[in-house]
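The structure appears right after this line, and notes come after that.
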Amino acid sequence: MTILSVENLGRSFGGIRANHDISFDINEGEILGIIGPNGAGKSTLFDLITGYTKADSGKVVFAGQDISALRPDKISNLGIGRTFQKLKPFADMTLLENVMIGSFVRESNIKKARDNALEIIDFVDLIEKRHHFARELSTGQRKRLELARAMAIKPRLLLMDEVTGGVDQKTIPGLVALIKRLKASGVTIATIEHNINIIMEISDNILALDQGQKIAFGKPKDIQNNQKVIDSYLGTVDVA
Ligand SMILES: Nc1ncnc2c1ncn2[C@@H]1O[C@H](COP(=O)(O)OP(=O)(O)OP(=O)(O)O)[C@@H](O)[C@H]1O
Ligand SMILES: [Mg+2]
């Protein structure tokens, strides 16, 4: 079943067509991997889906509802969570407090919001850090914080913008395992990812963007052999 339909989405910034006539679907329970060179329009696509930027054309349909004109908080309430490429935790709040802010979207009772946040912090394997300030956490731990904050709203669809970007190599397997656990828990995922080995391993489908346009959509194996994708992107990255 389709949970998200992106239909002919377009957005320009001045003369730059950040997204141009992009269409694709995400099936419930699957992982969509999104790849493309820097400036391809990947983060803009997430901004459009989550209402942080308004589209010039096209629409976004989530669980049968047109959400194109909704504000970010409404879209979050409907069940789309996201992480940001540029991490922005509240540095002087604890990990637990940061995640509780997400919990309050679904739960106004403080004890229940706290319990929900603790459960998620445990899920991302940071329970022993719950009373640490966000500023004390490593980059890998802050990526998990960001994921936990997004998960705290109990999303049906979770958009992740370069969750493994900027973390050291030894942190990556744990993050990949976490993404797999999330999928197993029933959450639908769209993930922007520069690590091509990870994207090939975890994705059910892959969307390839270049210069604001969709250049390919399909199964990992087909994408890996797609000449347009090789020319625009895969030819420039290391594939183990
Ligand atoms: N708010 C904005 N104002 C002006 N230009 C923007 C804005 N947001 C994005 N752009 C431009 O739109 C294009 C697509 O940017 P976007 O951030 O979506 O790319 P990306 O694929 O996420 O790149 P990266 O891999 O570097 O994160 C770029 O040329 C960028 O400079
Ligand atoms: Mg980006």
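Mind computing the radius of gyration and Dmax over the alpha-carbon atoms of the stretch 174-235? Å is fine for both.
Values for the stretch 174-235 (Cα only, Rg and Dmax): 12.4, 36 Å.
If each residue's Cβ is checked for other Cβ atoms within 10 Å, how do F217, F62, F13 rank with the fewest at the top?
Going from sparsest to densest Cβ surroundings: F13, F217, F62.
Any idea what the relative contact order of the chain is, in percent, if you count C-alpha pairs under 8 Å spaced at least 6 apart?
Worked out over the chain, it gives 26 percent.
Given an 8 Å cut-off on Cα distances and at least 6 residues of separation, report the relative contact order of the stretch 1-131 as a percent.
With pairs under 8 Å counted, the relative contact order is 19 percent.
L118 label point, 7 Å along Cα→Cβ, cut-off 17 Å on backbone N: hits in the stretch 124-151?
124-132
How compact is the chain by the rule of thumb for globular proteins, expressed as Cα Rg over 2.2 N^0.38 Å?
Taking the Cα Rg and dividing by 2.2 N^0.38 Å, one obtains 0.99.
Are any of the pairs K180/K221; K54/K219; K88/K221 more than 25 Å apart by Cα-Cα distance, and if so, which?
Going by Cα-Cα distance, K54/K219; K88/K221 fall outside the 25 Å limit.
Label-point separation (nm) for H132 and M93, each offset 7 Å from Cα along Cα-to-Cβ?
1.9
How big is the gap, in Å, between the Cα center of the stretch 21-77 and the Cα center of the stretch 189-205?
That distance is 17 Å.
Could you check the spin-label model distance between T2 and T139? Points 7 Å from the Cα along Cα→Cβ, value in nm.
Result for the modelled spin labels: 3.8 nm.
For the pair D125 and Q211, what calculated FRET efficiency results from E = 1/(1 + (r/R0)^6), where r is the Cβ-Cβ distance and R0 = 45 Å, to the nearest 0.05?
For R0 = 45 Å, the calculated efficiency reads 0.75.
Please rank K228, K42, K221, fewest neighbouring Cβ atoms within 10 Å first, as an exposure proxy.
K221, K228, K42
Label I16 and S108 with points 7 Å out from Cα along Cα→Cβ: what is the distance between them in nm?
Inter-label distance under the simple model: 4.2 nm.
Which pairs, out of K42/K112; K143/K228; K74/K143; K86/K111, put more than 28 Å between their alpha-carbon atoms?
The answer is K42/K112; K143/K228; K86/K111.
Values quoted throughout were computed directly from the atomic coordinates according to the rules given, and no laboratory measurement underlies them. Quick caveat: nothing in here was measured; it's all calculated off a predicted structure. All Cβ positions, even for glycine, are placed from backbone atoms using ideal geometry, and neighbour counts span all protein chains on display.
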